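Read-outs: derived from the displayed coordinates by stated rules, not from any lab. As the structure is a prediction and not an experimental result, all values here were calculated from the model. Heads up, the Cβs are rebuilt from the backbone with ideal geometry, glycines too, and the neighbour counts pull from every protein chain shown.
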Amino acid sequence: MSDEQDRPIKRLRGRLTSGVTVWTAGEGREATGLTVASTIVAEGEPSHVLGTVGDLADLLDAVRATGRFAVHVLARDQRQLADRFAGLAPAPGGLLRDLPVQQTPWGPVLTEVATWAGCQLVEERAVGYPVLLDGTIEELVVGDLDDPLAWFRGQYRRLAPPPSPWEATAPDTALPG
């Protein structure tokens, strides 16, 4: 597909706001991670986490080798982690060097991230250029997250705070409650 044909698809994708996550996998020197903004959580028994990663990503190799991965949901003040795992910030000695991590059955968990899921790979398949990873959630830690890191139109954004209870949400609700 030419760049001109691809542009509308990129523009569509850019108009979808998404939370920013870091996925990690592997052990020891093979441990790695990647910033992923294309993440979906599907409720069910079992619940699933799905995300797309580039077919040349080191993370994909680590997930294939172990069959497991961890998904971390980033807060707004953790932008430096997103940049580091996206390859936008220097990481001398490796992505995980000098970061507080705990090795788990799902790979390294970033201990400064309050919300994470440990996942077992169920399936992978090519979907366009990236690879879709589908994993069942085996472990879930849900911490406080009032100000998430969001991605919209190619940059980090701040979500607007929720409306105060007295703010109008429709023409007939303008009075304080």
Legend entry - Lys, Arg +1 and Asp, Glu -1 on Cβ, resulting dipole of the chain about Cα centre, debye, nearest 20: 620 debye
Legend entry - Average silhouette area of region 65-168, convex hull of alpha-carbon atoms, in square nanometres: 9.4 nm²
Legend entry - Mean ellipticity per residue at 222 nm, deg cm²/dmol - from DSSP H runs of n ≥ 4 across the chain, formula -39500 (n - 2.57): -4500 deg cm²/dmol
Inset, instruction - Determine the principal axes of the Cα atoms in region 1-66, then give the extent along each, sorted from largest to smallest and rounded to whole angstroms. - result: 42, 30, 18
